[in-house]
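Quick notes on the structure that follows.
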Amino acid sequence: MTQDDEARHRAKMIKRKEVQDREVASKTIEKGLLIVHTGPGKGKSTAAFGLMLRALGRGFHVGMVQFIKGAWETGERLALDRFSDQVEWHTMGEGFTWETQDRSRDVAAAERAWDKAKDLMAREDIRLLVLDELNIALRYEYLDLAQVVETLKQRRPDLHVVVTGRNAKPELIEAADLVTEMSLVKHHFAAGVKAQEGVEF
């Protein structure tokens, strides 16, 4: 780059920083967020685990309620067990719906998980709560959607809640502060690659 190019770039970045600084300074609200990770792509729960790690780094106490996944050993659980003084983890599902093949059991498991989620939401020490695969429980109508959404909306003001799973209901999306949809561009399963330790679990 020439000196003129460098000077133009610097002038452009000075202006950009001024705009960015004004934008940041205009945001003054601090509140607990309702965050939804949905969509057909891989990475919804993984993104929630990343938020858990960030919160742990800040010294927060965090909670996890897994609505569908059964009690199989995962890398994230093994890693977060090292933060047992900060993490409360509850795997409440009995496995994916095609494994249980018993709707009444799935409904009962979802109801137990939702009761646990409400208990954790009421605790003042929990700053971040992940409701993993709650969207799946709502999709299959294991829980009353209106009651779930209203409870999430009425949570205490400083509590961050992350809801994961495909097919988030429009009512939940409407209530949320942040919604990210993971899109599927390419997946190794289609090429015959199996679920692997350290990537899927």
Discussion item. Using a 7 Å offset from the Cα along the Cα-to-Cβ direction at both Val19 and Asp4, what is the distance between the two label points in nm, to one decimal?
Written reply: 2.4
Response to the item:
Over the range 60-157, with neighbouring protein chains present, the accessible area per residue in Å² at probe 1.4 Å is 51
Response to the item:
So, for the Cα atoms of the range 1-115, Rg and Dmax in Å stand at 22.3, 72
Discussion item. If you count only protein heavy atoms and use a 1.4 Å probe, how large is the accessible surface of Ile14, to the nearest 10 Å²?
Written reply: 80
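Calculated FRET efficiency, Phe83 and Gln147, Cβ-Cβ r, R0 25 Å, to nearest 0.05? Show your work: numbers first, answer last.
Numbers: r = 31 Å, r/R0 = 1.26.
My answer for the efficiency is 0.20.
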Worksheet entry | For Leu33, solvent-accessible area (1.4 Å; no DNA, RNA or ligand), Å² | 60
Practice prompt. Any chance you could list the semi-axes, whole Å, largest first, of the equivalent ellipsoid that the Cα gyration tensor gives for the range 95-159, using √(5λ)?
Written response: 24, 12, 9
Fill in: Carbon plus sulfur fraction of accessible area for the range 1-46, probe 1.4 Å, in percent
55
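Mean Kyte-Doolittle hydropathy of -1.0 or higher plus an axial Cα length of 27 Å or more: which whole DSSP H helices in the chain meet both?
Details: long enough: 3-25 (33 Å, -1.77); 103-122 (28 Å, -0.82).
Span-like helices here: 103-122.
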Practice prompt. Run the accessible area of the range 123-201 with a 1.4 Å probe and give the carbon-and-sulfur part as a rounded percent.
Written response: 49
Practice prompt. Report, to two decimal places, the Cα Rg of the chain normalised by 2.2 N^0.38 Å (N = number of residues).
Written response: 1.23
Response to the item:
All alpha-carbon distances of the range 129-201, grouped into 5 Å bins from 0, give the whole-percent distribution 3, 12, 22, 21, 14, 11, 9, 5, 1, 0
Worksheet item: Measuring from label point to label point, each 7 Å out along Cα→Cβ, what is the Lys12 to Ile29 span in nm?
Response: 3.4
Response to the item:
Taking placed amide H atoms and a strict 5 Å upper bound, the residues 5 or more places from Val36 or on another chain that come that close are Val163, Leu178, Val179, Thr180
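The values are calculated or read from the model by the stated rules, or taken from the named source; none is laboratory data. Nothing here was measured: the structure is a model prediction, and the numbers come from that model. Cβ sites come from the backbone with ideal geometry, for glycine too, and all protein chains shown count toward neighbours. Accessible surface areas use protein heavy atoms only, side chains included; no ligands, DNA or RNA. Shrake-Rupley method; radii C 1.70, N 1.55, O 1.52, S 1.80 Å.
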